[in-house]
Structures are given as C-alpha cells and as structure tokens.
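Here's the structure we're looking at; comments come further down.
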Amino acid sequence: MKKLLIFLFITITSISIFSQEYQTISNVHYYDEKTNKSDVYINERCVLDVYFPKNIKNFSTVIWFHGGGITGGEKHIPEELKNKGIAIIAVNYRLSPKVNAPKYIEDAAAATAWVFNNIKKYGGSEDLIFITGHSAGGYLASMVGLDKSYLHKYKIDANQLAGIIPFSGQMISHFTTRKEKGIDELDARIDDMAPLHFIRADAPPLLLITGDREKELLGRYEENAYMWRMMKLKGHKETTLYELDGFDHGGMAHPAFPLLLNEIKRIEKLKNVQ
C-alpha cells in the first residue's frame, strides 16, 4: 500500500509539473479593417483560430488549411496536433464558386502573413512557422510556400517558412481552378496555378505525404512523386516523399500527423544548432 501511495503521489506530481495549459482564440480576422469592411464575404469567411500553449516561449507554429476541394470545408484544430507544445492556426478562406483563383490562394497568404506578424505576441517563434493542410489545404500551403509572389505582397520572403508539409495536396493546377476555366479535371495542367510551376532549389524544406497510390484520389501520389523528383533535379536538398501504404485520400491524414510532428522536431534541432 505504501509503495502504491508513493507511486500515486509521484504520478500526480508529475502530471501537475508536466501538464501544459492551452488557450484558443476564435474567429480572428486576418485582413485589415478596411478590407473587411469592403467585402461582406471576406468579413464573414476570412477568419482564423489560434490554439497555443500559455507557458512556453518560442514554440513552433503550424498553419493548418482545411480540405474540401476549395468548394467546401471549415477550419478546425486537428486533435492529433493538440497538447504537443506547439501552436496551431486553423484558417478559413473564401470558396469557389463565390470567388475564383487566385482569391483563395491570396487568402491563404494573408493568413500566413498574419501569423508572421502576430505569433510573437502569443509567445511563438517567427523562425518556426510551418505551413500545411490536407488535400485542398495542402495545395494552398504549397502555392503560398513555393510561389513567392503571394507573401512578397506583405514584404515577407516565403523562404522564412520553416517547412512546407502538404498532406495529399495537388501539385498540378488544382481541379477546381481548372473547372473555373472550363478545363476537364483529367486534363492535367502545370501553369501558374500549379505548385510544380514554382520548383526552386532555395525553397524551405518540403515534406510531401500522400496515401497509397492505388487508393488515392486520381493521380495524387504521382503528382507528388513528380514534384519530389523535379525538386531534386532542381537542386533542392530537403524534399522528402512519403507514401502511406493502405490509406486512401481521406484516411491518410491521421498517420501523416506523426510525420509532421517529427519534421517539426527535426527542424527545431537544426535551428537550435544554428
């Protein structure tokens, strides 16, 4: 009994020592007041949630864009990322067909700029901002991270991102951007709406994760494999590709989160060394 009581005391004490308090702030507008007042849909849709640890300084931050084909979906804080000592920024953006490309990419960039300009107030590090998302969200993350023009508008170099980590994101022009132009979804394009159009050797670390090539949506694995190969040929030193065998397009997200967290830890160690 005595040993049991000592064990319980140590356990309870350890929980109190190592437990971390988190706070969520919801529906923060990421455009300025003038822009919000100028457009009802921007004011309604262009908001984000901030989930962050209260007693940690210089933590990493994950910007998370939801999926839904750019025609649906809602911001949410992934359960797999909670209580991990990091902040998560969950972003809503305008949807097609109410707006067309590149409006939703511009929204993703505006939200990313908001994080760069504000995360320090919450205790986060501007040097440890990761951009990610599932499916359409992975596409948006890739576009913002690779086409430097979107963040340049805010005087931010996209190379300041600590990592780009799309979950099953399209690397060719997104099928919704093609539909807006009357192009068939199987008519593959690599144009200025395609992350593949912006391959470059100096990009931030790029971690590409997809489901099983035989279970994925259309050619999603092959698009990412081509991106991996072309980035390597371009001279990029930190492009990695994972194929999650047995998981389909929707199911691949859950086992992908540990890979994202491992990548964050890897880059945190590199940043500390430097």
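The values are calculated or read from the model by the stated rules, or taken from the named source; none is laboratory data. The structure displayed is predicted, hence computed values, not measured ones. Note that each Cβ is placed from the backbone with ideal geometry, even for glycine, and that neighbours are counted across all protein chains shown. Calculation scope for accessible area: heavy atoms of the full protein, side chains included, ligands and nucleic acids excluded. Shrake-Rupley method; radii C 1.70, N 1.55, O 1.52, S 1.80 Å.
Before moving on, here are some points about what is shown:
- Among the residues of the range 73-102, those identified as within 14 Å of Tyr30 (Cβ to Cβ) and in contact with a Lys or Arg (Cβ under 8 Å, 6 or more places away or on another chain) are Ala90, Val91, Asn92, Tyr93, Arg94.
- 2 or more residues hydroxyl-bearing (Ser, Thr, Tyr) and open to solvent by less than 30 Å² (accessible area, probe 1.4 Å): qualifying helices (runs of 4 or more DSSP H) within the range 169-274: 175-180
- Subset tally (residues that are open to solvent by 10 Å² or more (accessible area, probe 1.4 Å) and in contact with a strand residue (DSSP E or B) (Cβ under 6 Å, 6 or more places away or on another chain)) for the range 121-142: 3
- Test: residue in the range 167-184 that is farther than 18 Å from Asn100 by Cα and over 15 Å from the mean Cα position of the chain (by Cα): no
- Yes/no for Pro255 being in contact (Cβ under 8 Å) with a residue 60 or more places away in the chain and in contact with a strand residue (DSSP E or B) (Cβ under 7 Å, 6 or more places away or on another chain): no
- Residue within the range 157-165 that is of a type in the set (Asp, Glu) and surrounded by fewer than 20 Cβ atoms within 10 Å (Cβ to Cβ) present: yes
- Cβ-Cβ under 9 Å pairs, at least 6 apart or on other chains, the range 207-218 side under 17 Å from Pro195 (Cβ atoms), far side at pLDDT below 95 and not β-branched (Val, Ile, Thr): Leu218/Glu185; Leu218/Leu186
- In the range 104-156, the residues that are in a loop (DSSP other than H, G, I, E, B) and in contact with a helix residue (DSSP H, G or I) (Cβ under 9 Å, 6 or more places away or on another chain): Ser135, Asp147, Lys148, Lys153, Tyr154, Lys155, Ile156
- When residues of the range 142-176 are limited to those that are of a type in the set (Gly, Ala, Ser) and without any contact (Cβ under 8 Å) to a residue 40 or more places away in the chain, the one nearest to Met227 (Cα to Cα): Ser173
- Residues in the range 48-81 that are of a type in the set (Ser, Thr, Tyr) and in a strand (DSSP E or B) were compared, and the one that is farthest from Leu261 (Cα to Cα) is Tyr51.
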